[in-house]
């Protein structure tokens with residue numbers, strides 16, 4: 001698919017001096033950005049799961065303590 005973007009002249013000259021194919025450069029940059037975004041989303045999801053696991057552990061510990069207290073009290 002073709003996409004048209006506007007860039008400052010000096011940036012285009014800079015890119016043209018350093019790469020043979022602008023499209024390939026933009027594609028690689030966008031693929032890298034996409035992977036970074038996906039990795040960040042995964043990190044955020046893992047952190048959220050860790051938070052949920054910690055609260056589950058606390059709930060489990062509280063429930064076990066309550067059961068032990070109930071059993072001891074007869």
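The values are calculated or read from the model by the stated rules, or taken from the named source; none is laboratory data. Small disclaimer: the values here were computed from a predicted structure and weren't measured. Every residue, glycine among them, receives a Cβ derived from its backbone with ideal geometry; neighbour counts consider all protein chains shown.
State the number of residues belonging to segment 16-41 that are over 29 Å from the mean Cα position of the chain (by Cα) and either part of a helix (DSSP H, G or I) or touching a residue at least 40 places away in the same chain (Cβ under 8 Å) (or both). Can you show your working first?
Here is the first cut: in segment 16-41, the ones over 29 Å from the mean Cα position of the chain (by Cα) are 16-21.
Still in the list and also either part of a helix (DSSP H, G or I) or touching a residue at least 40 places away in the same chain (Cβ under 8 Å) (or both): 16-18.
Residues that pass the stated criteria total 3.
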*Which condition number does residue 71 fail, the rest of (1) surrounded by 10 or more Cβ atoms within 10 Å (Cβ to Cβ); (2) part of a helix (DSSP H, G or I) being met?*
(1)
*What pairs come up if the first residue lies in segment 42-68 and is at positive phi and surrounded by 10 or more Cβ atoms within 10 Å (Cβ to Cβ), the second is outside any helix (DSSP H, G or I) and at pLDDT 75 or above, and their beta carbons are under 9 Å apart, counting only those six or more places apart or on different chains?*
none
